[in-house]
Amino acid sequence: MLLNYALDISRPGGEMLVKEGDVCLIRKDFWSLGLPRNMESNIGNACFKLVAEAARIHGKDIHVVDTYVVPTWKSKTVDPLAGLPGDLPQKDLILLPAWSRQPGRESRPLSALRHETSR
């Protein structure tokens, strides 16, 4: 019942359905998960926030790159390192939510980088 309510395209897309801390998710964000559409970045960031919190509970320090930021890296005027934290080498894992817009092959692969240290 709740899922049908969230995905109802006859209701206003801008209606806020979830507010958790500084994250607000509107109906239109959920359409990207439950309907045959591309995933909206707010949804991706909210999901990855849960992944980061779960990792922290298990004693892992990970960094998830913002899903809005990654597409800007394809621009030649953007330095991809500028938005990364200074303690990146100390992280247990870095998650890079990548994306592809090849015709007929739209996808959002997830890349994980682990920096080997002597810890």
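The values are calculated or read from the model by the stated rules, or taken from the named source; none is laboratory data. On a predicted model such as this, the values are computed, not experimentally measured, just so you know. Counting neighbours? That spans all protein chains shown, and the Cβs are built from the backbone with ideal geometry, glycine included.
Check Gly59, Gly13, Gly83, Gly44 and return the single one that is of a type outside the set (Asp, Glu) and in contact (Cβ under 8 Å) with a residue 40 or more places away in the chain. Spell out how you get there, then give the answer.
Working: Gly59 fails: in contact (Cβ under 8 Å) with a residue 40 or more places away in the chain; Gly13 fails: in contact (Cβ under 8 Å) with a residue 40 or more places away in the chain; Gly83 fails: in contact (Cβ under 8 Å) with a residue 40 or more places away in the chain.
Just a single option satisfies the conditions, and that option is Gly44.
For region 54-81, which residues satisfy the criterion of being within 25 Å of Ile43 (Cβ to Cβ) and part of a loop (DSSP other than H, G, I, E, B)?
Here is the first cut: in region 54-81, the residues within 25 Å of Ile43 (Cβ to Cβ) are 54-58, 60-75, 78, 80.
Listed by number, the residues that qualify are His58, Lys60, Asp61, Val65, Asp66, Thr67, Tyr68, Val69, Ser75, Val78, Pro80.
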Among the residues of region 98-110, are any closer than 22 Å to Val51 by Cα, part of a loop (DSSP other than H, G, I, E, B) and at pLDDT 75 or above? no
